[in-house]
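**Student:** Structure in structure tokens, see below.
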Amino acid sequence: MSARTGSSAGPGRRTNILVIGGGLAGLAAAVRFRREGWDDFLVLERGDEVGGTWRDNTYPGAACDVPSHLYSYSFALNPGWSRSFSPQLEIQEYITRVARQYRVRDHHVFGCEVLSARWVEGDALWEVETTRGPFTADILVGAFGALCEPSLPDIPGIGTFAGKVFHSARWDHDSDLDGKKVAVIGTGASAIQIVPAIAPRVAELQVYQRTAPWVLPRLDRRYSALERLACRYVPFYQRLVRGGIYWAHEAQAIALAKRPGLMRPVGLLARAKLRREVPDPALRQRLTPDYRAGCKRLLLSNTYYPAFREEHVALVTDGIAEVREKSVVTTDGTVREVDALVLATGFQVTDSPTYRRLFGKDGRSLGEVFDTVGRQCYKGTAIANFPNMFLLVGPNTGLGHNSMIFMIESQVNYLADAVMTMKRGRLRSVEVRATAQEGFSRMLRERLSRTIWNVGGCASWYVDKHGANTTMWPGFSYEFRRITRKFDIDAYHVSTGGPQ
Ligand code: NAP
């Protein structure tokens, strides 16, 4: 047994359930299976620890922009959060603690990357090839996440750059940036945390902005010892705090997803902040977005704009023409010397490479199916032609206003009820009906057409190559909770004769 494998888990095994990915979603599923008493499952994880995106994103300044009391599992509240918005390491420690506490680490196979998964109709099972050998399972759970595969920019000459180049989610901690000339490409959620965190250490910081983000105040503070004691010992106090944060966030869905006109005050608030924090009108102009607030993710920071007050921090808004051995050249012909390139350029969300590794009933990969019909999916979870497969954090489960963990737990409820239904009914397979999937997709399209993400006048990764927003959930998160409360077997083709 390899030291990287959690106990009895090993290659070549047949299990009832195989989960791909040991991030927040995979872990929530694993804990649920344990609590239901279903021990016949494995989690295949290509990394060497649980945590997913929180394990991978170790860049300076990494922290969550959803309050900690909400950004935690409902079954594992953490009274010990140090601040209202926790830093990455604290979240990662929380995740590993939950894995230990619920004794699911032993169900993980670490260092195990899934190369392909094929549905074998005759045997009604999934055959899975991995870097650690074959596995088979009755049920496949795709918990491979949305924010895990770095999107690398295709800039001419980037391969010839002689200095260090790395993506924000693969931070090279051996690279010493102190006293160096550093270029950060991108101005999204990751970049606005990186820029103020590294600015004091570097000799020169060039921030390459393609689209200006909307930035709002970050109401972050340390929790007092008294608050932490209250969370730990006063009955229901922490649940009350969490509930308050949840509903305050939930209210934002009204403006984002239902009445985009209500986003106007948010834009005014952000402009006021920009005026206060950036006195130079020319710089302020370049930092002002040209689309409506909320169209892209709203960012929270009190330190991003002030970083540009430093003489050695420059905002570059001309496009990047090419990268040379020791410099970045912009479209206006300016050549800027650079020692290191940080690519804060986001993730492959709508075109995850894992889609090309999952093969359904007719032999086509999920990637091929999505190429043809778009990222259609039933309740973000089930896909026609892929029997006994359930996605977590699938298409149209993203939120702009609340905690993804709430969505994950909703999907896990649905998944657990599906597994229970299959066990009780001795079902061999369940496959969502194409008509149910199409109806659900139609409903999404119709509702999404009214959201700020669709009418806000921006280009974003919420929209796939077909021009459809297949990323965001167009409503309140409790609406998603409601539709995932029960496994609706009527929406599925069912075959009987499965294991008990
Ligand atoms: P992102 O939001 O996708 O931002 C990527 C940035 O890179 C954008 O500014 C983008 O510009 C730019 N970019 C991409 N390709 C480029 C190219 N070829 N040339 C120039 N610029 C390019 O990625 P992210 O910042 O990593 O954040 C991704 C998501 O992760 C967030 O939306 C959030 O959900 C999550 N996240 C959360 C936190 C947090 O909780 N605090 C922190 C980090 C990430 P355009 O806008 O023009 O495309």
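**Student:** For a protection proxy built on the mean count of beta-carbon atoms within 10 angstrom, sort 105-113, 453-461, 139-147 highest first, please.
**Tutor:** 139-147, 105-113, 453-461
**Student:** Also: Take the solvent-accessible surface of the protein heavy atoms, probe 1.4 Å, and return the percent of it on the chain that carbon and sulfur atoms account for.
**Tutor:** That share works out to 51 percent.
**Student:** Which of the lysines could a cross-linker bridge to Lys423, judged by Cα under 26 Å and excluding same-chain residues fewer than eight apart?
**Tutor:** Correct list for Lys423: Lys361, Lys379, Lys486.
**Student:** Under a 1.4 Å probe, what is the accessible area of the chain per residue, stated in Å²?
**Tutor:** Accessible area per residue, the chain: 42 Å².
**Student:** Please report the base-10 log of the normalised intensity I(q)/I(0) for the chain, using a Debye sum with one equal scatterer per alpha carbon and no solvent, at each q in 0.09, 0.10, 0.12 (1/Å).
**Tutor:** -0.66, -0.82, -1.17
**Student:** From Cα pairs below 8 angstrom and at least 6 apart in sequence, can you work out the relative contact order of the chain, rounded to a whole percent?
**Tutor:** Worked out over the chain, it gives 19 percent.
**Student:** Over the C-alpha atoms of region 46-191, what are the Rg and the largest Cα-to-Cα span, Dmax, in Å?
**Tutor:** Every Cα atom of region 46-191 included, Rg and Dmax give 19.1, 62 Å.
**Student:** At 1.306 mPa s and 10 °C, plugging the Kirkwood radius over alpha-carbon pairs of region 66-118 into Stokes-Einstein gives what diffusion coefficient in µm²/s?
**Tutor:** 123
**Student:** Any idea how far apart Lys326 and Arg356 come out in nm if each label point goes 7 Å out from Cα toward Cβ?
**Tutor:** For the pair Lys326/Arg356, the computed spacing is 3.7 nm.
**Student:** Let me ask another. Given a Förster radius of 30 Å and the C-beta distance between Met443 and Met420 as r, what FRET efficiency does 1/(1 + (r/R0)^6) yield to the nearest 0.05?
**Tutor:** It comes out at approximately 0.70.
**Student:** How many nm is it between the label spots at Leu240 and Arg482, if each spot is 7 Å from the Cα in line with the beta carbon?
**Tutor:** Calculated label separation equals 2.8 nm.
**Student:** Looking at the chain, which Cys residues are left with no other cysteine's beta carbon under 4.7 Å from theirs?
**Tutor:** Result for the chain is Cys64, Cys112, Cys148, Cys231, Cys377, no neighbouring Cys Cβ within the cutoff.
**Student:** Let me ask another. Tell me the mean residue ellipticity at 222 nm calculated for the chain from its helices only (DSSP H runs of n ≥ 4, each -39500 (n - 2.57), averaged over every residue, nearest 500).
**Tutor:** One gets -8500 deg cm²/dmol as the mean residue ellipticity at 222 nm.
**Student:** Okay, next question. Students often check this: by mean Cβ neighbours within 10 Å, which of 251-258, 488-495, 176-183 ranks highest, and how do the rest follow?
**Tutor:** Sorting 251-258, 488-495, 176-183 by mean packing, highest first, produces 251-258, 176-183, 488-495.
**Student:** Then there's this: So how far apart, in nm, are the two label points at Ala251 and Asp290 if each is 7 Å from Cα heading toward Cβ?
**Tutor:** Label-label distance for Ala251 and Asp290, simple model: 3.5 nm.
**Student:** Between region 265-297 and region 103-176, what is the separation of their alpha carbon centroids in Å?
**Tutor:** 37
The values are calculated or read from the model by the stated rules, or taken from the named source; none is laboratory data. Owing to the predicted nature of the structure, the values given are computational and were not obtained by experimental measurement. Here the Cβ is made from the backbone with ideal geometry for all residues, glycine too, and neighbour counts use every protein chain on show. Protein only, heavy atoms only, side chains kept; ligands, DNA and RNA dropped before computing areas. Shrake-Rupley method; radii C 1.70, N 1.55, O 1.52, S 1.80 Å.
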